[in-house]
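Structure first, then comments.
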Amino acid sequence: MKVQNNGYLSNWQVTEQYLNQNIKPGQVKTEEGLSFQDILEKKQPGEDVKFSKHAMQRLSNRNIELTSGQVERLKEGTAKAQKKGIKESLVLVDQLAFIVNIPNNTVVTAMDRQDAAENVFTNIDGAVII
């Protein structure tokens, strides 16, 4: 194959350039200098707790506003449940109750003491009181 040398790379040259690189795993870094492996190792269980759409509606409808301290304790409770192998957990923080899907780190529903008047929680396999 004849490739012209006019200062531009052909598709073939670009393909060869990228395919023939000997990049080993862990060598590619982000702008911050972290490899993909570094990012994975930095991620800790229970670090990011998400709220489902249903949970967000419940918080809004019930006028529940979480403080940053309560969110941190919710994360802590989720991490403890994960370490114990719990899949669906009741996490109690102050006067608030949260049902959390532990594998997804997702709050499924939330309620305060008045809404949990019956004190019956179903479809959970563990509870964490923070």
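The values are calculated or read from the model by the stated rules, or taken from the named source; none is laboratory data. As the structure is a computational prediction, the values presented were derived from the model and not from experiment. Reconstructed Cβ throughout: ideal geometry from the backbone, glycine too, with neighbour counts over all protein chains shown. The area values use the complete protein model at the heavy-atom level, side chains included, leaving out ligands, DNA and RNA. Shrake-Rupley method; radii C 1.70, N 1.55, O 1.52, S 1.80 Å.
Of a type in the set (A, V, I, L, M) and either within 30 Å of Asp125 (Cα to Cα) or at pLDDT 65 or above (or both), is that true of Val71?
Spelling it out, Val71 is indeed of a type in the set (A, V, I, L, M) and either within 30 Å of Asp125 (Cα to Cα) or at pLDDT 65 or above (or both).
Go through the range 109-120 and give me each residue that's of a type outside the set (S, T, N, Q) and open to solvent by 60 Å² or more (accessible area, probe 1.4 Å).
Arg113, Asp115, Ala117, Glu118, Val120
Could you say which residue among Ile39, Ile86, Ile64, Ile99 is of a type outside the set (Asp, Glu), at pLDDT below 75 and either surrounded by fewer than 18 Cβ atoms within 10 Å (Cβ to Cβ) or under 19 Å from Ala127 (Cβ atoms) (or both)?
Only one candidate passes the filter, namely Ile39.
In the range 74-103, what count of residues is obtained for those that are out of contact with any Ser or Thr (no Cβ under 9 Å at 6 or more places or on another chain) and under 14 Å from Phe51 (Cβ atoms)?
Of the residues in that region, 4 qualify.
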